[in-house]
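Rule-based calculations on the coordinates, nothing more; no lab input. Computed from a predicted model, the values in this text were never measured in an experiment. All Cβ positions, glycine included, derive from the backbone under ideal geometry; neighbour counts span all protein chains shown.
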Amino acid sequence: MTDTTIPSPTAAPNGFWASKRRTENVTRWTVFVVLVVGSITMLLPVVWMLITSFKTRADVFAVPPPNSTFFQTLKFWIPIPPHPENYPQAWTVSGMYSGDSWSFFGIPVQGITFTTYTLNTLFIAVCGCLGTTLSSSLVAFAFARLRFPGRGPLFLLCLATMMVPTQVTMIPTFILFRNMPAFLGGPWYNNFFPLVVPAFLGGGAYNIFLMRQFFMSIPYEMDEAAKIDGCTNFGVFWRILLPLCKPALTTVAVFSFLWNWNDFLNPLIYLDSNSKKTLALGLTNFVSLYGQDYQLLMAASLVISLPIIVMFLAGQRYFIQGIATTGLK
Amino acid sequence: MTSAERKEAISAFMFLSPFLIWMVFLMGGPILAAFFLSFCKWDIFNPIQFVGFDNYKEMFFNDPRFWKALYNTAYFTFLSVPIGMALSIVVALLMNQKVKGIAIFRTIYYLPSILGSGVAMAVLWKWIFNADSGLLNYMLNVFTGIPISECPKWLASEAWSKPALVIMSFWNVGGGMIIYLAGLQGIPSTLYEAAEIDGANRWQQLWTVTLPGLSPVIFFQLIVSIVGSFQIFNQVYVMTDGLGGPADSTLVMVLYIYQKFKYFQMGYSSALAFVLFIVIMLATWLQFRFAKWVYYEGELRK
């Protein structure tokens, strides 16, 4: 720890302030340098992904030997010349499914590429995000603001579900969804129902908990004033509390979007045909087929991660606060 | 119950209805069904066959892969959780030192954990761990001088595949860091002032003020991280093509459950899932049992 360089206050008072300020400066700089080194370490994998994605296949595997020239080492870190054509190639290389077709709003399209996977993932992630945000805030409102018999135990039960591993409920849920009656759109297999509908049913204990914490922090007088003005419970929820909870809503929305975007196990279980696959599944397919073409794999991985990075940078102000609150209360 | 109360309760249950449907059909019901299935043999296509404790007997006495999966999961958890937590606390402490550019640092450290469990990251790490041309062995070679051919083979080696997973998990320290950072900012500055008057140096303040003040957050993080790391799946699936190799050295519990599910051994798979559930509950219970080290400020005011 760098902190040990600070002298204890019992040190000789002679020149104490001057020396303390100096050591504090040293400490501050040490901390700064350590954090910078850490930052480089944290970013290196993602930067390496970017570097690899611009290399040729031959350069990907060319590791400079210990006594290599400056140029060899430079070429390892900076792809000269860069090969941006890896990107379109990675995007369309799954032309091996050129025989397959898929439909875009009813229009049949020949050939499956990452475009198909992106649209599928986008659909699932947007629906999942909407469903989670809406239903978790509805449920959280009841837990935070309304009195009903069994509220305490039910909320505890809700929290307890966080401990249940998804794999426990996976098989019965799978069987339930496969046997869904036709009037409910069944069977829920090889379509998006099993991935989207559960989001509309509460959105999971974590999100309910997070929303409830936010609702609880809003003074109850708000509700009362609105009720005197003739608001129903739903009116209070929709017109008063939700607009005040934008940071929390953003947190839930961003997180559920990311979760759906990254989700792997559920699509793996429920989606079968190529035209239905998500980006996560498409990428794994791609890995097993082009396992050694790391420049293409990295290009594809980077493009897939890009929306996440953008969303993160755009929403971080809100949701860093959001998770911090849940973690603390 | 007055009529106003009844009205409120009815309205509450309307708000709760999505959650109640989920609780009954996608949580409670499936848990019971999985419990029942774990005593059965079933491949979906043929009728269910009740077999009593056979699945569990098979698992405990006749299935070395189950023990291997349990061991691998525990290995990963016991290495990645404590080291990862220590790292994220240290990073949070450093960032709390009023350094310049904390917002930028916070973003940089948090970014990898946002990408965290995604398939894209797993593909990237598979490439970094590549024995002959991966970045990790190159860096090892540059910094230690060990020839690349003598560096660990990581994912291709039975001995190094699990440490590789642990190393990869350190890039997720940002998630914990954010929470610790918030926790640090919640420790009242009066406590530090009091400690300083008592003559405590910075090191003593860390142990007597900061860490006790942070302990509820550490406790929360400990529980959440252990539950999470017992359920590692995506990364292992992608990096080992769903096999958990080499020689089952990365076969973790969830992967094993998935493999059995994929081969339509629904009963056995459910039994495995139940054992995982019980292990997680046991781990959580134990942590609560030995939670005396957690210090709640509110307790003093009783």
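How big is the C-alpha Rg of region B:103-148 next to the rule-of-thumb value 2.2 N^0.38 Å, as a ratio?
1.45
Put +1 on the Cβ of every Lys and Arg and -1 on every Asp and Glu Cβ in the protein assembly as shown; which of B:Leu276, B:Trp22, B:Gly52 then has its Cα farthest towards the positive end of the dipole?
The Cα lying farthest towards the positive end belongs to B:Trp22.
Subtracting the Cα-Cα distance from 0.36 nm times the residue separation, let me have the gained length for A:Glu224 to A:Met180 in nm, one decimal. Working shown, then result.
Details: separation 44, 0.36 × 44 = 15.84 nm, distance 4.34 nm.
Roughly 11.5 nm would be gained on extension.
Please give the charge dipole size of the protein assembly as shown, origin at the Cα centre, charges +1 on K and R Cβ atoms and -1 on D and E Cβ atoms. Round to the nearest 20 debye.
Its charge dipole is roughly 760 debye.
With springs only between Cα atoms under 10 Å, which of A:Arg147, A:Arg57, A:Arg178 fluctuates most in a Gaussian network model of chain A?
A:Arg147
Starting with the fewest neighbours, write out B:Ile48, B:Ile218 ranked by other beta-carbon atoms found within 10 Å of each beta-carbon.
Ranked by crowding around the Cβ, least crowded first: B:Ile48, B:Ile218.
Out of B:Lys68, B:Lys126, B:Lys57, any idea which swings most in a Gaussian network model of chain B, alpha carbons joined below 10 Å?
Maximum among the listed residues: B:Lys57.
Sort A:Arg212, B:Arg289, A:Arg151 so that the residue with the fewest other Cβ atoms within 10 Å of its own Cβ comes first and the one with the most comes last.
Fewest-to-most Cβ neighbours within 10 Å comes out as B:Arg289, A:Arg151, A:Arg212.
Among A:Leu146, A:Leu296, A:Tyr220, pick out the residue whose Cα is farthest towards the positive end of the charge dipole of chain A, where Lys and Arg carry +1 and Asp and Glu carry -1 on C-beta, about the Cα centre.
Value: A:Tyr220.
Within the set B:Lys68/B:Lys292; B:Lys41/B:Lys262; A:Lys276/B:Lys41; B:Lys153/B:Lys260; B:Lys126/B:Lys153; A:Lys55/B:Lys126, which residue pairs have Cα atoms separated by over 21 Å?
Details: B:Lys68/B:Lys292 33 Å; B:Lys41/B:Lys262 15 Å; A:Lys276/B:Lys41 31 Å; B:Lys153/B:Lys260 29 Å; B:Lys126/B:Lys153 12 Å; A:Lys55/B:Lys126 17 Å.
In this structure, B:Lys68/B:Lys292; A:Lys276/B:Lys41; B:Lys153/B:Lys260 lie more than 21 Å apart at Cα.
Along the Cα→Cβ direction, 7 angstrom out, place labels at B:Ile21 and A:Arg239. What is the inter-label distance in nm?
2.7 nm
Averaged over all directions, how much area does the convex hull of the C-alpha atoms of chain B cover when projected, in nm²?
The directionally averaged projection comes out at 24.4 nm².
Using the Karplus curve 6.51 cos²θ - 1.76 cosθ + 1.60 with θ = phi - 60°, what ³J(HN,Hα) values do you get for each residue of region A:128-144, in whole Hz, with x for Gly and Pro?
With the stated coefficients, region A:128-144 comes to x, 5, 4, x, 5, 4, 5, 6, 5, 6, 4, 5, 5, 4, 4, 5, 8 Hz.
With r as the distance between the Cβ atoms of B:Ala194 and B:Lys262 and R0 = 41 Å, compute the FRET efficiency 1/(1 + (r/R0)^6) and round to 0.05.
0.10
Hey, rough spin-label estimate for B:Phe53 and B:Phe13, points 7 angstrom out along Cα→Cβ, what's it come to in nanometres?
Computed distance between label sites B:Phe53 and B:Phe13 equals 4.1 nm.
Normalised by the number of residues in chain A, what is the relative contact order in percent for Cα pairs under 8 Å and 6+ residues apart? Mind showing how you got there, number by number?
Numbers: 335 pairs, mean separation 81.9, N = 329.
Value for chain A: 25 percent.
At a temperature of 10 °C and a viscosity of 1.306 mPa s, determine how fast region A:95-328 diffuses translationally according to Stokes-Einstein, using the Kirkwood radius over alpha-carbon pairs as Rh; express D in µm²/s, rounded to the nearest whole number.
80 µm²/s
What is the Cα convex hull volume of region A:77-232 when expressed per residue in Å³? Provide the component values of the computation, followed by the final result.
Working: hull volume 41.9 nm³, N = 156.
Taking only Cα atoms, region A:77-232 has a hull volume of 269 Å³ per residue.
Between A:Thr92 and A:Ser288, what's the calculated FRET efficiency when r is the beta-carbon distance and R0 is 25 Å? Round to 0.05.
The formula returns an efficiency of 0.90 here.
Can you list, bin by bin at 5 Å, the percent of alpha carbon pairs in region B:1-109, starting at 0?
2, 9, 8, 8, 8, 9, 9, 10, 11, 11, 9, 4, 1, 0
Report, by chain and number, residues whose modeled amide H sits under 5 Å from the one on A:Val109, excluding near sequence neighbours (fewer than 5 apart, same chain).
A:Trp102, A:Ser103, A:Phe104
Just to be sure I follow: if Rg is taken over the C-alpha atoms of region B:111-223 and Rh is the Kirkwood radius over the same atoms, what is Rg/Rh? Could you put the intermediate results ahead of the total?
Details: Rg = 20.2 Å, Rh = 17.2 Å.
With Rg and the Kirkwood Rh in hand, the quotient comes to 1.17.
Would you give the gap between the C-alpha center of region B:1-36 and the C-alpha center of region A:294-316, rounded to a whole Å?
Using only Cα atoms to place each centre, the spacing works out to 39 Å.
Relative contact order for region B:172-302: what percent, with Cα pairs under 8 Å and sequence separation of 6 or more? Show your work: numbers first, answer last.
Working: 78 pairs, mean separation 32.5, N = 131.
Over region B:172-302, the number comes to 25 percent.
Using only Cα positions of the protein assembly as shown, each an equal point scatterer, no hydration layer, compute I(q)/I(0) via Debye at q = 0.05, 0.11 Å⁻¹ and quote the log10 values to two decimals.
Debye intensities relative to I(0), on a log10 scale: -0.26, -1.25.
Taking a temperature of 4 °C and a viscosity of 1.567 mPa s, what whole-number D in µm²/s does Stokes-Einstein yield for region A:156-230 with Rh from Kirkwood over alpha carbon pairs?
Rounded to a whole number, D works out at 84 µm²/s.
Pick out which of A:Met298, A:Met211, A:Met311 has the largest mean-square fluctuation in a Gaussian network model of chain A, springs linking Cα atoms closer than 10 Å.
Highest fluctuation among the options: A:Met311.
Among the lysines, select those whose C-alpha is under 21 Å from the C-alpha of A:Lys227, and discard any that sit fewer than 8 residues away in the same chain.
Counting by Cα, and skipping residues close in sequence, A:Lys227 has these lysines nearby: B:Lys7.
Give the value in nm², to one decimal: projected area of the alpha carbon convex hull of region B:180-287, averaged over all directions.
Orientation-averaged projected area of the Cα hull: 9.7 nm².
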